[in-house]
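Visitor: Let me begin by handing over the structure; questions about it come next.
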Amino acid sequence: MQTITQFEAKYRKSATAPVRPGDTVRVHHLIKEGAKSRVQIFEGVVIRARRAGSIQSDITVRRIASGVGVEKTFLLHSPNVEKVDIMRRSKVRRNFLTYLRGRRGKSARLQEVAFDKVAANAVPDVTVAATEAEIATIVAEDATVDDQQLTETSTEDLAQDEAKAVAAEDAAPETNSQDSADENKLAAEETEAGIAKAEAAEDKETAK
């Protein structure tokens, strides 16, 4: 578990925007085209937010482009997502607003509520120093756990484990030799039975 946490710490952002279903957001995501890259803004309504607090947390944003509904899912901790701006916040009673897919015009509108836009968008930038410090802390915790495990394991326990392993190895050849003897005995009995059967058939044919 510690190894997974250590691996995820390298890619986890220090903070992400507190996005909720029903928010109208602008997602600034990086688009790579060959050797060039540019930032594209995708604005729409968040219809789904999953796994909040996890490195796999994502949001699904929906918008209407030329009369066609378009949806994109963004991983909030992805390095390709530079930032998420919350433009409006709406009052909703569901976590998944999939019913908006079948609505158009006024029926697709959500009731807007007042919120502190500056505070919601005040997300600190990710710094390499903070990420390295977090990784160093996790590595130190792993080392402490390993030291505790080594301390708890006494010399007597190690000696007993080695003695059990040697005893198991010594018993293995005996078992194998016993199995081989049983197999040889069974083969000899089958051979004798076959010979007796053949002789009986030959005697029977001679009597005829």
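Visitor: Between rounded, prolate and oblate, where does the range 1-85 land on the alpha carbon gyration tensor, with a ≥ b ≥ c its root eigenvalues, rounded for a/c under 1.5, else prolate if a/b exceeds b/c?
Guide: Because a/c hits 1.5 or more and a/b fails to exceed b/c, the range 1-85 counts as oblate.
Visitor: Would you work out what percent of the accessible area of the range 5-79, with all protein chains in place, is carbon or sulfur (probe 1.4 Å)?
Guide: 51 percent
Visitor: Using DSSP to call loops (not H, G, I, E or B), can you name the trypsin sites (Lys or Arg not before Pro) in the range 44-87 whose Cβ has at most 11 other Cβ atoms within 10 angstrom?
Guide: ARG51
Visitor: I've got another one for you. With 31 Å as the limit, write out which pairs from LYS10/LYS164; LYS32/LYS91; LYS83/LYS106; LYS36/LYS117; LYS32/LYS106 have Cα-Cα distances beyond it, or answer none.
Guide: Over 31 Å Cα-Cα: LYS10/LYS164; LYS32/LYS91; LYS36/LYS117; LYS32/LYS106.
The values are calculated or read from the model by the stated rules, or taken from the named source; none is laboratory data. Computed from a predicted model, the values in this text were never measured in an experiment. Here the Cβ is made from the backbone with ideal geometry for all residues, glycine too, and neighbour counts use every protein chain on show. In case anyone asks, the SASA skips ligands and DNA or RNA and just uses the protein heavy atoms, side chains included. Shrake-Rupley method; radii C 1.70, N 1.55, O 1.52, S 1.80 Å.
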